[in-house]
1. Suppose a student asked you for the relative contact order of chain B, using Cα pairs under 8 Å spaced at least 6 residues apart; what percent would you report?
2. Checking the a/c ratio against 1.5 first, then a/b against b/c, what shape does the Cα gyration tensor give for the stretch A:194-298?
3. Take A:9, B:426 and order them by how many other Cβ atoms sit within 10 Å, fewest up front.
4. Compute the helix-to-body angle for A:439-457: its Cα long axis versus the longest principal axis of chain A, expressed 0 to 90° and rounded to tens.
5. Given Cα positions, please report Rg to Rh for chain B, the hydrodynamic radius being the Kirkwood one.
6. Distance between the C-alpha centers of the stretch A:18-42 and the stretch A:249-300? Whole Å please.
7. In percent, what relative contact order does the stretch B:58-129 have, based on Cα pairs under 8 Å that are 6 or more apart in sequence?
8. In which sequence would A:7, B:540, B:498 go, from the one with the fewest C-beta neighbours within 10 Å to the one with the most?
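None of the figures in this text is laboratory data; all of them are computed from the coordinates on show. These figures come from a predicted structure and were not determined experimentally. As a convention, Cβ positions derive from the backbone with ideal geometry for all residues, glycine included, and neighbour counts pool all protein chains shown.
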């Protein structure tokens, strides 16, 4: 690499350095020990984190030295290695805090799920970037989706639901590149909303809501034969909602699809949208009922609890809700300016479990208050907006897709991690990038970013 | 470059919206909602109470009587205990293995036991064991000592005045917002009545604890800590030398001595016998001491000086004379012929033979029953009053001025005594079915009248001071405090000129009359004997006195249960107490008297000696709720001969209204079955106190 051809984005580097420093200091206060006040003491998390920061910086430097073509050429191989590592976990993996997702290398535990993140970003960039148009065949679309789904499923099988969900965020990249139509994404979002609604309230109320929304659609779609439409629609829907509780669940699950099918056929035959809406209503009914069933019978107890605590259907400050409650107390007690560095009473008292990893945000919320929290959130927003603008200035499709992948992953971690510490999101154990303690996490997030910086630094050189 | 900017904007919007959502939530949590701050404080801040040291108590002369002694509670944090060598540990503490196990068991079963919190392993380790233990305690991880204070008494006397302390009970915790579980509170004596002064103010230290309740530091560097302030010291008015002297005289007797300085109302000595050593009720053996005292058949916990009701008998006559002179207008030279008895209608109150009473001095000197019965009748049936009830009410008003029938003025927990009024007799006889004659024995201090020794002493002090008085008290008030009721002088509504004759009479009692045994040259004692009949054996011996006659320095009431006539024990004892106080020592030629009084043993119940004045009739003219206090029943002395069955007891009065203090033994009430009394006219059997 020659100096006149490389244009390293120093803003990104600066934000990165700021974030890891904040993280290191946060871990120092989270894991503070009277016996070892030296911030570089290797026996505690803060000393180790310093080591990982050093390792990450070295790796970052190495990444800058390597030729960019390495990443494009080896994208599939890296992806393959990552998948292999994920499979190896099932054979050699060791269980740490409830999930079998770690591989031990002597003193260093590696989590392949972390490495799979940047590998998947690379392979998506490589695969989608290889097309020169925005028109894809169905097969191409499916392959792109499969590239995301394979690691997702493998990670889900390791009981790492949080990390698996991260890959879902990459669907935005597919949308950005035109592989997934926007309507699919919208339906996905609506499905999630209906999912939550079905968990938070009885089935009847959820369906009543659906009925109202569809009624609105009918009313908005013109006045032709409105009374007739309303009579048909209301009779069917009201009848269904009132009779549903009387029927056995299994019977219901047989009858509903049949009814849905019948109404779809009628709507196709008569070319009437009213019947299509009724069919949609039945589909929603099946969905809501199915979610209810899955929540009660398929999900494991701790997953139910986490969702239940978040939705407020389970009130339990001693048991499952303990983490969130203590975390909220710690952050809420910070006030405007916080209690001062190293003076957080909740942090020092070890009231919040997993303080230096998943709940690291508590230390910032408590000791630096709203101002500090806002500053950190601002730093993250700056990072992500910067990456988006970096993505948009690329000539290379590869780099742009990769950059979008990076943003999506960081954004997902950011929302979920901070959201769970303040009770907005369910507690799914994913770290806060660059802040949380953990060698595996920090190194992989660093690689993720440094590859982007490397790719961006040569934006004028190649047109890939 | 591809024209897909709207999608870029969507992602940017999502980023900004997510950040805004998080910030909004953080704003609501950290700035708007303040409950998290209190929750956080509840989480980590613990209050540690710092106990103030209780106020000290000094006597009249400034000697320290009650102080605080440091003892050590051996505490343990179970979680920190490792490899405990129990044999060594037990040897160090001088306890057996069983005791060790018992303590461990008790600790584990206590409420609020957790292995993280300090628990009391052994309470109140004595100092000598503590000294030894301190050196080796480092070998036993998790154990440490915590200082506490207990009361230490530097004397063996005045137990009932000082009282004792104990842990608060649930009721006190509920009704007061000061006390908390485990606090010490005064239970009797000045410890109780001056509790608010003595207890001081607790301090609070705030510390930060971690999730396991371990202390990790000070909260705000101790800014909000509150210093404990020690309790106020008390200066008693009790002269401990006199108190000890009086207590030693009263050994092996039941009764009490109360001495008051008339000018100031200060109580110099307040003796009740039998008493106990206050050190029994402090320290680690408090429970054992308490059990022992409560089991004692002599009831040493019962404070006779303040809680036992006695009929004042003839000691009441000076008071009766005073109120009669004030109310009926008779002069000091009023003559009433005594024909050996007071006869009214079909009733007779016997008297003994003595010279005619040409004035009230002589009546007091001779303790003439007829004279004072007559005065009582003159009083209550005075034309001023519409009926006897009204007269009796007026009579009661006067007595209340002298402190009878109430104790609100005293700074110790005491019973009120009983002064009857019309209601009592309305209930007894029926409305308007009684007259002066029915209640004539009140005039000579018998009947339903119930007076505590303290009240006797107080009324004597009032007489000695010719009507002006300060309420009696055992703790010196702050002289600068104008609100203190003990800094104010009061006056009874008796014309001061009436006192002279009465005091003259009381002087003659000691010089020539019934109280000659109290005579001591140079002291100028004025007194009055009394003999209170009772159904439990020998009469109670009573004597009230003050000295010197002019400018009196001390007023005394002595009460010796079952002591016989007033002159027999009470009068000499009173004179000894007065001599001790005024001369500071007992004259050599009176040592024999002191010895005789000290050595007399009146605890054994003795048969009543048949008095010459008693005509042997067992007529009980009042249907009486005869109330007998437990102390008299002596259940553990079955060998004693009880001379007469209870139902045939001879006298009218007896002790007491039901006491309502929790610490006093419950009275047993025996209703003597008798026909409606008013229908059966009978002569009153006069009290034999006329010598």
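1. Normalised by residue count, the contact order of chain B is 14 percent.
2. Because a/c hits 1.5 or more and a/b exceeds b/c, the stretch A:194-298 counts as prolate.
3. Working: A:9 18, B:426 14.
By the 10 Å Cβ count, ascending, the order reads B:426, A:9.
4. That works out to roughly 90 degrees.
5. Rg divided by Rh gives 1.16.
6. Cα centroid of the stretch A:18-42 versus Cα centroid of the stretch A:249-300: 55 Å apart.
7. Values: 63 pairs, mean separation 35.8, N = 72.
After rounding, I find 50 percent.
8. Fewest-to-most ranking of A:7, B:540, B:498: A:7, B:498, B:540.
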